[in-house]
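The values are calculated or read from the model by the stated rules, or taken from the named source; none is laboratory data. Just so we're clear, the structure is a prediction, and the values are computed from it rather than from any experiment. As a convention, Cβ positions derive from the backbone with ideal geometry for all residues, glycine included, and neighbour counts pool all protein chains shown. Heavy atoms of the whole protein, side chains included, go into the accessibility calculation; ligands, DNA and RNA do not. Shrake-Rupley method; radii C 1.70, N 1.55, O 1.52, S 1.80 Å.
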Amino acid sequence: MQIIVQDFTGVYSEQPFMQGLRDSARRLEQGAKLEGDEQIRWLDCTQIAGTDCYCDDEAVAEINKLIDESLCCGCGTDFATPPAIHFFDNGNYHYMSKLWTDRVQEPFDLVVFDHHPDMQPPRFGDILSCGGWVKKVLEENKFVRNTILIGVADHLVEELQEDIASLGDRASSLVIVKESELSSFNPRTSNLVPRTSNLYLSIDKDVLSPADAATNWDQGSLTFEALKSIITELSQDRKILGIDICGERAQEFKPIENGAQTAQEADELNNKLNQELVEFLRCEV
C-alpha cells in the first residue's frame, strides 16, 4: 500500500495515527524497511504560498515538483503508479484531486464524495480552486469517462444548472446523487451510475455527518458505514487507480452542531476516522 500525505496547515500534528505515518515516512527516508509492502511519503507543503482555497500557477508548479522529487525517491518504489491513498489536509485543498488525476494516463471513472459540487467557475482568471476543480477536470481531462458526485447538498445542485449546461457534450458524463437521495441510493442497482473498468475515488469528509467527522465546511449526513458500503459496491470488479482524502478541521475551530465542540474532540474524531479509512481501504485496493 502506498500512502502520500500532503501537510498544508499542520493540522495532522494533533492526530497520533497521522503522526505515526509521518514517523514511518521518516524511517523509510532513512533507509528502513517497513512491514509488508507499505510505502509512505510525507510532503511538507506548509511553506508553499498561494495554496489556500485557490492554487496559482506558481504553487501548482511547486507542488508538482515536490511530488516528482518524492516519487523519485530512490527507494525502489514507483510512487507514480497508482493505487495510492493521498491525504491532503482540509477541504480548501480539494483541488489536489485535479493534480493527482492529471497524472493518470488511462481511462477511468471519477467518483467524488462531497457535500459541495466543486463546480463553480473561478472568480478571476482561470485559477485552480477548491470550489471549481471538478469543472476543470470535466473540461480538461481526456481520460475521465464519467464523473459521479455523491452526497451534494440538494440546494447546491439546483444552483448548478447553468454551470452544467456550459459543459456541452461533457455534461452527459456527469451524474449527481443528491444528499436527499442517499438513503435509497444503491450503486449496484442504480441505472444512474455508469461503469468504466477503472475507478478513482476522491473523498471530502464534509460529506459525512458531524458524528463521524469534523471538517472546515458545512457537513452532510452520510454515515461512515454508508460511505464504506457505497465504496465496496462501486469498486467491485474494478481497478482502483487512486484514493484522495481531505476534509480536516479548520485551524480556527468552531463548535459543530451535533458534533465536536472543541478542537481536541475534533482531532480525536478525525484521528479515529483517518485510521479506520486506511484500514478499510487497504482491503479494497
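Worth pointing out:
- Between K228, K135, K178, the Gaussian network model of the chain with springs among Cα atoms under 10 angstrom shows the greatest mean-square fluctuation at K228.
- Calculated FRET value between N191 and F124, using beta carbons and R₀ = 45 Å, to 0.05: 0.70
- Of I245, I85, I164, the residue with the greatest mean-square motion in the GNM of the chain, using alpha carbon springs below 10 Å, is I164.
- Binned Cα-Cα distances of segment 1-152, short to long, each 10 Å bin given as a whole percent: 10, 38, 37, 14, 1
- For segment 155-206, the square roots a ≥ b ≥ c of the C-alpha gyration tensor eigenvalues yield an a/c of 1.5 or more together with a/b not exceeding b/c, which makes the shape oblate.
- Reciprocal mean inverse distance between Cα atoms of segment 209-285 - Kirkwood radius, Å: 13.5
- Å³ per residue enclosed by the Cα convex hull of segment 77-190: 132
- Full-extension gain in nm, S229 to A211, via 0.36 nm per residue minus C-alpha separation: 4.7 nm
- Applying 1/(1 + (r/R0)^6) with R0 = 30 Å to the Cβ-Cβ distance of E268 and D154 gives a FRET efficiency near 0.45.
- With the gyration tensor restricted to C-alpha atoms of the chain, the semi-axes of the equivalent ellipsoid amount to 27, 22, 20 Å, longest first.
- About the centre of its Cα atoms, the chain shows a dipole size close to 780 debye [charges on the beta carbon of Lys, Arg (+1) and Asp, Glu (-1) only; nearest 20 debye].
- Here the relative contact order of segment 140-285, from alpha carbon pairs under 8 Å that lie six or more residues apart, stands at 22 percent.
- Only protein atoms count toward the accessible area here, which uses a 1.4 Å probe; on segment 1-77, the carbon and sulfur part of that area reaches 45 percent.
- Taking S172, S235, S97 as the candidate residues, the one with maximal mean-square fluctuation in a Gaussian network model of the chain, Cα springs under 10 Å, is S172.
- Heavy-atom SASA rank of T189, T101, T262, T9 (probe 1.4 Å, accessible area, largest first): T189, T262, T9, T101
- Number of Lys pairs (Cα under 13 Å; 8 or more positions apart or on different chains) in the chain: 5
- Distribution of pairwise C-alpha distances over segment 137-265, 5 Å bins, in %: 2, 9, 18, 20, 20, 16, 9, 5, 1, 0
- Neighbour-limited loop hits for GluC sites (Glu not before Pro), segment 183-285 (at most 12 other Cβ within 10 Å; DSSP other than H, G, I, E, B): E252, E257
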